[in-house]
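Notes follow once the structure below has been shown.
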Number of protein chains: 2
Amino acid sequence: MIELSKAEFDVLDALWINYPATASQIIERLSDDKQWHEKTIKTLLGRLVKKGALTFEKDGRQYIYTPCMERADYTLKESQNFIERFFSGRIAPLVSGFAKSEQLSQQDINELKKVIDDWEKNQK
Amino acid sequence: MIELSKAEFDVLDALWINYPATASQIIERLSDDKQWHEKTIKTLLGRLVKKGALTFEKDGRQYIYTPCMERADYTLKESQNFIERFFSGRIAPLVSGFAKSEQLSQQDINELKKVIDDWEKNQK
DNA sequence: AACTTAAGACTACACCTGTAATCTATTATT
DNA sequence: AATAATAGATTACAGGTGTAGTCTTAAGTT
């Protein structure tokens with residue numbers, strides 16, 4: 001799996017919002033949340049290309065970037081990894097930890113029920 | 001929050017198995033899973049102390065280490081962090097991602113149901 | 001055509017991390 | 001007492017990461 005640093009992920013995440021996109025569009029999107037210098041973001045884009053997380057096409061002297069993977073696929077792999085590391089691969093203990101520390105809202109519960117429901121429908 | 005690297009966490013995790021414990025006990029526990037040199041583990045213990053994740057008492061010329069936090073607290077914080085970063089703080093999308101990719105077993109579902117059940121009992 | 005701007009390439013640099021090796025001093029051993 | 005073993009402290013060192021600054025060159029402007 002391609003390993004991304006936090007900052008690299010944030011840049012890729014800004015691209016996932018809508019792509020293909022140019023560096024300046026990505027910089028614009030990130031400007032709300034981060035106080036990153038334009039050069040910083042360009043460096044990160046370069047590293048993402050080098051890692052194979054992005055590709056680009058030239059358009060004049062600009063590059064138009066496209067992610068090489070989908071967000072859901074990437075986050076799924078990260079999630080598996082995370083749950084493996086901290087909870088021996090089982091997901092319930094994570095949810096249970098949230099529950100115990102009052103971190104679950106009624107909405108979370110409803111959403112979880114729906115996930116379970118869908119899973120069960122899918123089984124039979 | 002104290003930030004631990006992967007290797008540091010693994011060492012702390014070996015201590016959480018049973019503590020207080022000496023360096024050699026920790027090294028022994030880790031020897032099954034990791035091919036780490038003894039020196040490597042000592043270095044990591046030192047870094048954990050420096051980061052405030054461990055304390056120790058002297059016993060002759062050995063140190064007896066104790067974690068400064070509980071595993072559940074640490075993993076909860078990591079989980080919050082993770083879910084914030086990748087799923088905007090909502091837990092269901094993580095579970096849903098697992099479901100969609102056939103990563104949930106009947107046992108997982110049962111456990112999740114129990115978590116929900118307990119949560120609901122706790123509400124009224 | 002000359003000059004300015006701006007895109008990407010390349011360079012920088014301190015701190016973190018993984019992974020030890022060497023140094024120092026104390027406790028065992030002979 | 002002299003020597004060996006060993007615990008922790010200190011040092012090492014390459015690669016990753018956050019965070020830009022400088023260089024080069026092509027495109028836009030006057």
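Here is how the numbers come out for the structure above:
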{"read-out": "Among the candidates A:GLU111, A:GLU102, A:GLU57, A:GLU28, residue that is part of a strand (DSSP E or B) and acidic (Asp, Glu)", "value": "A:GLU57"}
{"read-out": "Qualifying residue in the range B:63-76 (condition: among the basic types (Lys, Arg) and touching a residue at least 24 places away in the same chain (Cβ under 8 Å))", "value": "yes"}
{"read-out": "Residue within the range B:13-23 that is among the acidic types (Asp, Glu), surrounded by 13 or more Cβ atoms within 10 Å (Cβ to Cβ) and farther than 23 Å from A:ASP117 by Cα present", "value": "yes"}
{"read-out": "Residue in the range A:32-45 that is away from chain B (no Cβ under 14 Å), open to solvent by 40 Å² or more (accessible area, probe 1.4 Å) and away from DNA strand D (no atom under 11 Å from the Cβ) present", "value": "yes"}
{"read-out": "Total residues in the range A:66-79, condition more than 7 Å from chain B (Cβ to nearest Cβ) and not in a strand (DSSP E or B)", "value": "7"}
{"read-out": "Verdict on A:LEU54 being assigned by TED's automatic domain parsing to the domain that holds A:ILE2, within 15 Å of DNA strand D (Cβ to nearest atom) and in contact (Cβ under 8 Å) with a residue 40 or more places away in the chain", "value": "yes"}
{"read-out": "Per-region count, the range B:2-25, residues part of a helix (DSSP H, G or I) and over 14 Å from the mean Cα position of the chain (by Cα)", "value": "3"}
{"read-out": "Sole exception among (1) hydrophobic (A, V, I, L, M, F, W, C); (2) open to solvent by 30 Å² or more (accessible area, probe 1.4 Å); (3) touching a helix residue (DSSP H, G or I) at 6+ places or on another chain (Cβ under 8 Å) for B:CYS68, by number", "value": "(3)"}
{"read-out": "Selected residue (criterion: least open to solvent (accessible area, probe 1.4 Å)) from residues of the range B:1-12 that are within 14 Å of DNA strand D (Cβ to nearest atom) and aliphatic (A, V, I, L, M)", "value": "B:VAL11"}
{"read-out": "Residue count for the range B:82-97, restricted to those that are facing another protein chain (nearest Cβ under 7 Å) and open to solvent by less than 20 Å² (accessible area, probe 1.4 Å)", "value": "6"}
{"read-out": "Residues of the range A:53-67 satisfying the condition of being out of contact with any strand residue (DSSP E or B) (no Cβ under 6 Å at 6 or more places or on another chain) and more than 13 Å from A:PHE9 (Cα to Cα)", "value": "A:LYS58, A:ASP59, A:GLY60, A:ARG61"}
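So that you can scan it fast, the table gives a plain yes or no per residue for (1) without any contact (Cβ under 8 Å) to a residue 12 or more places away in the chain; (2) touching a strand residue (DSSP E or B) at 6+ places or on another chain (Cβ under 6 Å); (3) among the charged types (D, E, K, R); (4) not assigned by TED's automatic domain parsing to the domain that holds A:THR55:
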{"position": "A:MET1", "(1), (2), (3), (4)": "no, no, no, no"}
{"position": "A:ALA14", "(1), (2), (3), (4)": "no, no, no, no"}
{"position": "A:SER31", "(1), (2), (3), (4)": "yes, no, no, no"}
{"position": "A:GLN35", "(1), (2), (3), (4)": "yes, no, no, no"}
{"position": "A:LYS39", "(1), (2), (3), (4)": "yes, no, yes, no"}
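The values are calculated or read from the model by the stated rules, or taken from the named source; none is laboratory data. Everything quoted here is computed from the prediction, not taken from an experiment. Counting neighbours? That spans all protein chains shown, and the Cβs are built from the backbone with ideal geometry, glycine included. All accessible areas refer to the heavy atoms of the entire protein, side chains included, with ligands and DNA or RNA removed. Shrake-Rupley method; radii C 1.70, N 1.55, O 1.52, S 1.80 Å.
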